[in-house]
Amino acid sequence: MKAMKVRAATAADEAAAIATLTLAFAADPVARWTWPDPQDYFNAFPRFAKAFGGAAFVKGSAHLIGDHAGAALWLPPGVEADDRALAELMRTTASPQSMADGAQVMQQMAGHHPRQPHWFLPLIGVDPKHQGEGLGGALLDHALEICHQDGALAYLESSNPRNVPLYRRYGFEVMGRIQFGRSPTLVPMQRKPRRRG
């Protein structure tokens with residue numbers, strides 16, 4: 001397969017990028033714990049992606065590879081998710097089991113989030129049709145070069161344990177575990193700034 005270039009997403013790419021992420025997360029443990037019913041999942045996840053990482057489209061830090069084969073939404077230092085929209089979405093769409101334990105999970109997530117300026121990766125995913133082709137790694141390479149140039153910390157929360165080895169290969173270190181009640185485990189990870197030179 002020929003190499004695909006990573007590019008910045010435009011506003012015109014937003015719907016297609018979110019559709020790719022929706023497909024990519026369709027078997028994700030945390031996403032499907034939150035919305036176990038398929039129809040509920042496909043109705044709610046695009047709104048979740050927009051609230052969680054949609055600011056990346058405005059800031060120019062949403063990245064695409066191929067013809068929307070993969071997407072990564074990065075929030076630059078000082079930019080945050082839309083917590084109000086996320087809370088309302090969870091209140092109105094999340095499964096009862098995730099609502100019962102979700103507040104404690106969110107509290108743990110907040111406790112792991114770095115206090116210093118950092119790049120945050122809310123969502124990265126590859127269309128299942130293209131998984132295993134190295135596109136996720138190419139998306140990470142592209143963004144981590146930006147972090148290197150900024151001398152900035154990078155942070156993410158892996159919602160699928162299978163992805164932790166990939167992130168480790170790209171320099172991320174496990175900071176702990178996030179889990180409460182019947183929730184799946186999230187793994188907070190950070191990548192320290194690389195020295196320039």
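The values are calculated or read from the model by the stated rules, or taken from the named source; none is laboratory data. Only a predicted model underlies this, so the values are computations on that prediction, with no experimental measurement involved. Here Cβ is always computed from backbone atoms with ideal geometry, including for glycine, and neighbour counts include all displayed protein chains.
Results, tabulated for the structure shown:
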quantity	calculated
Only listed residue being over 27 Å from VAL105 (Cα atoms), at pLDDT 95 or above and in contact with a Gly (Cβ under 8 Å, 6 or more places away or on another chain), chosen from LEU139, LEU123	LEU139
Pair list, Cβ < 7 Å and 6+ apart or interchain, from region 151-178 residues that are surrounded by fewer than 19 Cβ atoms within 10 Å (Cβ to Cβ) and of a type in the set (D, E, K, R) to residues that are in a loop (DSSP other than H, G, I, E, B) and modelled with pLDDT of 95 or more	ARG177/THR185
Test result for GLY125, crowded, with 18+ Cβ neighbours inside 10 Å, under 17 Å from LEU186 (Cβ atoms), touching a strand residue (DSSP E or B) at 6+ places or on another chain (Cβ under 8 Å) and not hydrophobic (A, V, I, L, M, F, W, C)	yes
Any chance ILE146 is farther than 22 Å from PHE48 by Cα, surrounded by 15 or more Cβ atoms within 10 Å (Cβ to Cβ) and among the β-branched types (Val, Ile, Thr)	yes
2 or more residues among the small types (Gly, Ala, Ser) and within 16 Å of the chain's Cα centre (by Cα): qualifying helices (runs of 4 or more DSSP H) within region 59-166	135-150
Selection from region 1-31 of residues that are under 14 Å from the mean Cα position of the chain (by Cα), small (Gly, Ala, Ser) and more than 14 Å from LYS129 (Cβ to Cβ)	ALA17, ALA31
Checking ARG32 against (1) surrounded by fewer than 22 Cβ atoms within 10 Å (Cβ to Cβ); (2) in contact (Cβ under 8 Å) with a residue 12 or more places away in the chain; (3) of a type outside the set (Ser, Thr, Tyr), the condition it does not meet	(2)
Residues (surrounded by 14 or more Cβ atoms within 10 Å (Cβ to Cβ), of a type in the set (A, V, I, L, M) and in contact with a helix residue (DSSP H, G or I) (Cβ under 8 Å, 6 or more places away or on another chain)) located in region 77-104	VAL79, ALA81, ALA85, LEU86, LEU89, MET90, ALA94
